[in-house]
Amino acid sequence: MKIIKLEGKDVAYTIRKSKRAKRLRIAVYCDASVVLTIPHNLSEKTADNYLRSKNKWIREKIDIFKSSKIIKIQKIDDFNEN
């Protein structure tokens, strides 16, 4: 896991190299984790520069996930015990 500073905040991200990837792909998940998928032959420096160029979009998505209310779903077994 690597750390990059976006808009003054540290953002942890994972680089995933793929032999099948033909372009760069950024995924921001609901736990605010960021995964950057890159083609196998692309340098990590180029990937970091791409990530920096998309910093506003990434911060917006992280902020949306962090501000949304998380609903915990109970297991069905928890309801059956009553």
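Selection of helices (runs of 4 or more DSSP H) fully inside the stretch 25-82 by the criterion of at least 3 residues being at negative phi and at pLDDT 90 or above returns 44-53, 55-67. Taken over the stretch 9-64, the criterion of being more than 10 Å from the chain's Cα centre (by Cα), open to solvent by less than 60 Å² (accessible area, probe 1.4 Å) and among the small types (Gly, Ala, Ser) is satisfied by SER18, ALA21, SER43, ALA47. Can you give me the number of residues within the stretch 5-24 that are in a strand (DSSP E or B) and either touching a Gly at 6+ places or on another chain (Cβ under 8 Å) or within 12 Å of ILE62 (Cβ to Cβ) (or both)? Of the residues in the stretch 5-24, 6 are in a strand (DSSP E or B) and either touching a Gly at 6+ places or on another chain (Cβ under 8 Å) or within 12 Å of ILE62 (Cβ to Cβ) (or both).
The values are calculated or read from the model by the stated rules, or taken from the named source; none is laboratory data. The model shown is predicted, which means the values in this text are computed figures rather than measured ones. Every residue, glycine among them, receives a Cβ derived from its backbone with ideal geometry; neighbour counts consider all protein chains shown. Heavy atoms of the whole protein, side chains included, go into the accessibility calculation; ligands, DNA and RNA do not. Shrake-Rupley method; radii C 1.70, N 1.55, O 1.52, S 1.80 Å.
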